[in-house]
Amino acid sequence: MQIFFNYKMFIRVLTSIIFMIFLCTNFSSQLESKSEMAEKLYKELLKRQRIEQLAAIKSFQKIKNYEKQYQMINLMAEKVFTVIQDSRAIIESSPFIPGVSEFPLEDKIRDALSNIIENTALFSEIILRFPDISTAVLKTNNNWDILLQWGIGYCYQVRYLLDDNTIKVFALVSQELNHVPRDSNYINPYRKKQKMKEEKEEEMKKAKKKKKKLKKGPKLSFHDEF
């Protein structure tokens, strides 16, 4: 009886262990699916946030006063780089490793990730659209340029969360600031000199079209005068 009883106990313990392994495996797969769902949702929200950013920048472009633009970009830089610095400290002390870890479910880590991506993207857009002012602002604080380089580098690590346009912005701004060598065909269409050149070319084209129209019009002949 003792041998039979021990055998039954062994079966029960073994069954319990198998059941616990099943529960742990099932729980792990649920966590993975939650992480995947959170990542997909995050990508969509990030796209919307980028659209809102661009709309705000377009409104900002309507301000034509240089001094106001400089003051606003300088204030923006102070806030943006403070947020990036604080978020960097959080993300580097967290267990989240881009490309290795699952998408973070903890609010604090996810918020830090968002702050880095969104603020890096925002100021990168500002640099491309207001290159003269923004580069002058960056020169007032060397730490800002260092933080921006770090932010762009980090965004490349999590590029699987970003759309192609945002990645392109990071590539362009890195060239604009000479963080990397410029491509032979690199042009920033927002630079004043480039914009003035394009406007002059457009004016010349319009002038040529007007001349052609005048030549095609009716002419007064010798017989019409008398």
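Quick grid of which residues meet (1) modelled with pLDDT of 95 or more; (2) within 24 Å of SER35 (Cα to Cα); (3) in contact with a helix residue (DSSP H, G or I) (Cβ under 9 Å, 6 or more places away or on another chain); (4) among the basic types (Lys, Arg):
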| position | (1), (2), (3), (4) |
| --- | --- |
| GLN69 | no, no, yes, no |
| ASP86 | yes, no, yes, no |
| ILE91 | yes, yes, yes, no |
| ASP107 | no, yes, no, no |
| LEU113 | yes, yes, yes, no |
| ARG129 | no, no, yes, yes |
| VAL158 | yes, yes, yes, no |
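So, in the stretch 112-160, of the ones that are of a type in the set (Phe, Trp, Tyr) and closer than 12 Å to ILE84 by Cβ, which residue ends up nearest to the chain's Cα centre (by Cα)? Only one residue fits best here, namely PHE123. Only one of the numbered conditions (1) part of a helix (DSSP H, G or I); (2) at pLDDT below 95; (3) more than 26 Å from TYR186 (Cα to Cα) is not met by ILE133, and that is (3).
Condition check ((1) under 20 Å from ASN188 (Cα atoms); (2) not in a helix (DSSP H, G or I)) across all residues:
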position: PRO98; (1), (2): no, yes
position: ARG110; (1), (2): no, no
position: LEU113; (1), (2): no, no
position: SER124; (1), (2): yes, no
position: GLY151; (1), (2): no, no
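Checked against (1) open to solvent by 10 Å² or more (accessible area, probe 1.4 Å); (2) touching a Gly at 6+ places or on another chain (Cβ under 6 Å), THR120 passes all but a single condition, namely (1). Considering each residue of the stretch 80-101, count those that are open to solvent by 100 Å² or more (accessible area, probe 1.4 Å) and in contact (Cβ under 8 Å) with a residue 24 or more places away in the chain, and give that number. Number satisfying all stated conditions: 0.
The values are calculated or read from the model by the stated rules, or taken from the named source; none is laboratory data. What you are looking at is a predicted structure, and each value in this text was computed from that prediction instead of being measured. FYI the Cβ positions are ideal-geometry reconstructions off the backbone, even for glycines, and counts take in every protein chain you see. Calculation scope for accessible area: heavy atoms of the full protein, side chains included, ligands and nucleic acids excluded. Shrake-Rupley method; radii C 1.70, N 1.55, O 1.52, S 1.80 Å.
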